[in-house]
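Where a number appears in this text, it was derived from the coordinates with a stated rule and is not lab data. These numbers were taken from a predicted model, which means no experiment stands behind them. Positions of Cβ are generated from backbone atoms using ideal geometry, with glycine treated the same way; all protein chains shown enter the neighbour counts.
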Amino acid sequence: MAAADRPTILVTGGAGYIGSHVCKAVARAGYIPVTYDNLCAGHAWAVRWGPLEGGDLIDAGRLDEVMRQYKPAAVIHLAGLIVVSESVKDPAQYYLNNVNGSIGLLDAMRRNGVERIVFSSSAAVYGEPEITPMPETHPQQPLNPYGTSKLMIERVLQDYARAYNLHSVSLRYFNAAGADASGEIGEAHPVETHLIPLVLEAAAGKRHSVAIYGDDYPTRDGTCIRDYIHVSDLAEAHVLALRYLDNSVGAHAFNLGNGAGTTVREVIDVARRITGGTIPVRIEPPRPGDPAILLADPSRARRLLGWQPTQSGLEQMVSSAWDWHQRVPVPQQIMV
Ligand code: UDP
């Protein structure tokens, strides 16, 4: 398809880890992804499949300008702050960015006649699991302001669908992992808090050790179980969500997880095998609000979106992350 015939999709946060993989998937599906990002955590080098437009979510004038220029067929909204512990210490920032910012974006969509949005939500909207694996109907009692900020926007989206015909899919991510097979893009957060990149930094000798937060949980080896999902599989679900919105009205939510659980120790063991590094560990107290097991029931996304993860084996996720880790210009000075 000629570039002029391809519909554009506005991707907020398109310069980030998940956002850059989403842009690649969206471009492959025949759209032009227009990244809207303030680069507070993303990288200009990660924007490779469409234009980069700098801007804040709370800048209504800038949003109007970009929407008028590109006339997006839909928005994929990933921009937001994501560090749970930071959200506990400084909730104001999280509510301002993730809630006010998202509402500003929705209102810009209404002003500019854009009627469909795919929203990057999180398993953090559920809180302590009452049922495992968790279906979308699981009670929603977030344990921190980050999760609350995501839940608030899901609720706003329900009201906006009814009142303004603004239709949405909220995608509740479990633990995104891995990197695109090409090695072009991958995970590179300014402050790293996620298990797999921390483990790989230890494997590469950039950290003395990796912390295991709690080894006395009621799980098969005492460490937390999480549901890791390859970021490229996650990205593909956004394309399917766009297609779903072509034929559905209302506000919808889907879990994006593998449905399979992996312990912290299992991640470290696989990383030792793949990297050949020793990866020394130290046992630390559990992080507040970290449940023993977080596992998705992904059957709704499979049934209604036709989503089928293909790259989410643990080995594949860790080895693609390791390939990326060896290329990316991550800081070398982190010795903790
Ligand atoms: N974790 C850990 N050490 C670390 C970082 C994380 O033991 O340095 C554990 C954490 O307690 C959780 C799992 O690894 O059980 C995944 O944590 P991550 O921060 O990657 O994602 P989250 O599940 O918090 O979204």
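From the helices alone, meaning DSSP H stretches of at least four residues, give me the mean residue ellipticity at 222 nm for the chain, per-run term -39500 (n - 2.57), in deg cm²/dmol to the nearest 500. Mind dumping the intermediate values first?
Numbers: 10 runs with 114 residues, N = 336.
That calculation yields -10500 deg cm²/dmol at 222 nm.
How far is the Cα center of segment 281-296 from the Cα center of segment 1-66, in Å? Between the Cα centres of segment 281-296 and segment 1-66 lies a distance of 34 Å.
In nm², what is the average projected area of the convex hull enclosing the Cα atoms of the chain?
Values: hull surface 63.6 nm².
If you wrap the Cα atoms of the chain in a convex hull and average its projections, you get 15.9 nm².
Report, to the nearest 10°, how far helix 145-164 tilts away from the longest principal axis of the Cα atoms in the chain, using its own Cα long axis and a range of 0 to 90°. The angle comes out at about 20 degrees. The distance from the alpha carbon centre of segment 159-183 to that of segment 73-92 is 13 Å, rounded to a whole number. Extension gain, Q326 to W45: 0.36 nm times the residue separation minus the Cα-Cα distance gives 99.5 nm.
Does segment 166-222 come out rounded, prolate or oblate, given a ≥ b ≥ c as the square roots of the eigenvalues of its C-alpha gyration tensor, rounded meaning a/c under 1.5 and, failing that, prolate meaning a/b above b/c?
Numbers: a/c = 2.47, a/b = 1.25, b/c = 1.97.
Verdict is oblate for segment 166-222.
Over segment 194-239, the pair-distance histogram of Cα-Cα distances with 10 Å bins from zero comes to 22, 34, 34, 11 percent, rounded to whole numbers. For the chain, the longest principal axis of the C-alpha atoms and the axis of helix 264-275 are separated by about 90°. FRET efficiency for the V88 to A4 pair, using the beta carbon distance and R₀ = 51 Å, is estimated at 0.60.
Expressed as a whole percent, how much of the Cα-Cα distance distribution for segment 1-64 exceeds 20 Å? Here the tail beyond 20 Å accounts for 24 percent of pairs.
Residues considered: D323, D59, D37. Largest GNM mean-square fluctuation over the chain, using C-alpha springs under 10 Å, is found at D59. Among N255, N144, N247, which one shows the biggest mean-square fluctuation in a GNM of the chain, springs joining Cα atoms closer than 10 Å? Maximum among the listed residues: N247. Other residues within the sphere of radius under 14 Å centred on the Cβ of V125, judged by their own Cβ, net out at -1 (K and R +1, D and E -1). The ellipsoid that matches the Cα gyration tensor of segment 220-298 has semi-axes, each √(5λ) in whole angstrom, of 33, 17, 9, with the longest given first.
Build a GNM of the chain with springs between Cα atoms under 10 Å apart, and of I32, I131, I293 the one that fluctuates most is I131. In straight-distance terms, cross-link reach from K150 covers every one of the lysines whose alpha-carbon lies under 28 Å from its own, apart from those fewer than eight places away in the same chain; here that gives K24, K71, K89. When the square roots of the Cα gyration tensor eigenvalues are ordered a ≥ b ≥ c, the ratio a/c for segment 275-321 is 1.5 or more and a/b does not exceed b/c, which makes its shape oblate.
Kirkwood hydrodynamic radius of segment 182-313 from all distinct Cα pairs, in Å? Don't jump to the answer; show the numbers that get you there.
Numbers: mean 1/r = 0.0599 Å⁻¹.
When all Cα pairs of segment 182-313 are included, the Kirkwood radius is 16.7 Å.
What is segment 94-240's relative contact order, in percent, from Cα pairs under 8 angstrom and six or more apart in sequence?
22
Starting from the Cα gyration tensor of segment 82-146, take the square roots of the eigenvalues, sort them a ≥ b ≥ c, and report rounded, prolate or oblate (rounded when a/c is under 1.5, otherwise prolate if a/b is larger than b/c, else oblate). Oblate.
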